[in-house]
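The values are calculated or read from the model by the stated rules, or taken from the named source; none is laboratory data. Values in this document were obtained by computation on a predicted structure and should not be read as measured data. Here the Cβ is made from the backbone with ideal geometry for all residues, glycine too, and neighbour counts use every protein chain on show. Each accessible area value is taken on the protein alone, full model and side chains, heavy atoms only, with ligands, DNA and RNA left out. Shrake-Rupley method; radii C 1.70, N 1.55, O 1.52, S 1.80 Å.
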Amino acid sequence: MAFVITSPCKDEKAAECLTVCPVDCIAEGPDQFFIDPDICIDCGACKAVCPVDAIEEEYDLTPEQEVDLERAEAFFANQ
Ligand code: SF4
């Protein structure tokens with residue numbers, strides 16, 4: 001399981017998450033940040049500091065937010 005950055009991050013990109021991630025698995029995409037689901041250790045530090053509450057645990061995603069996990073997987077697959 002992993003944490004996932006959802007749509008409130010779009011065009012916000014506050015970046016607090018980048019500074020707290022202990023495994024450096026958050027990267028900047030063109031319109032939002034993404035968490036690499038293969039590296040995330042589920043610590044929750046990013047969720048605690050996100051000012052727009054954009055970060056959810058994978059198992060808490062709504063059906064509409066599943067696309068955000070797919071976008072993250074596609075982003076890192078193309079790195
Ligand atoms: Fe990084 Fe922890 Fe957030 Fe995963 S849950 S992205 S390891 S800060």
Search result, residues across segment 27-79 that are among the aliphatic types (A, V, I, L, M), within 11 Å of the ligand (Cβ to nearest atom) and surrounded by 12 or more Cβ atoms within 10 Å (Cβ to Cβ): Ala27, Ile35, Ile39, Ile41, Ala45, Val49, Ile55, Ala72
Of all the residues that make up segment 16-51, how many are free of Cβ contacts under 8 Å to residues at least 24 places away in the same chain and in contact with a strand residue (DSSP E or B) (Cβ under 7 Å, 6 or more places away or on another chain)? 3
Report yes if some residue within segment 56-74 is modelled with pLDDT of 95 or more and among the small types (Gly, Ala, Ser); otherwise report no. yes
Kindly establish whether Ala77 is under 10 Å from the mean Cα position of the chain (by Cα) and of a type in the set (A, V, I, L, M, F, W, C). no
State all residues of segment 30-50 that are in a loop (DSSP other than H, G, I, E, B) and modelled with pLDDT of 95 or more; if no residue qualifies, say none. Gln32, Asp36, Pro37, Asp38, Ile39, Cys40, Ile41, Asp42, Cys43, Gly44, Cys50
Just for segment 7-26: of the residues that are assigned to a loop (DSSP other than H, G, I, E, B) and away from the ligand (no atom under 13 Å from the Cβ), which one is most open to solvent (accessible area, probe 1.4 Å)? Asp11
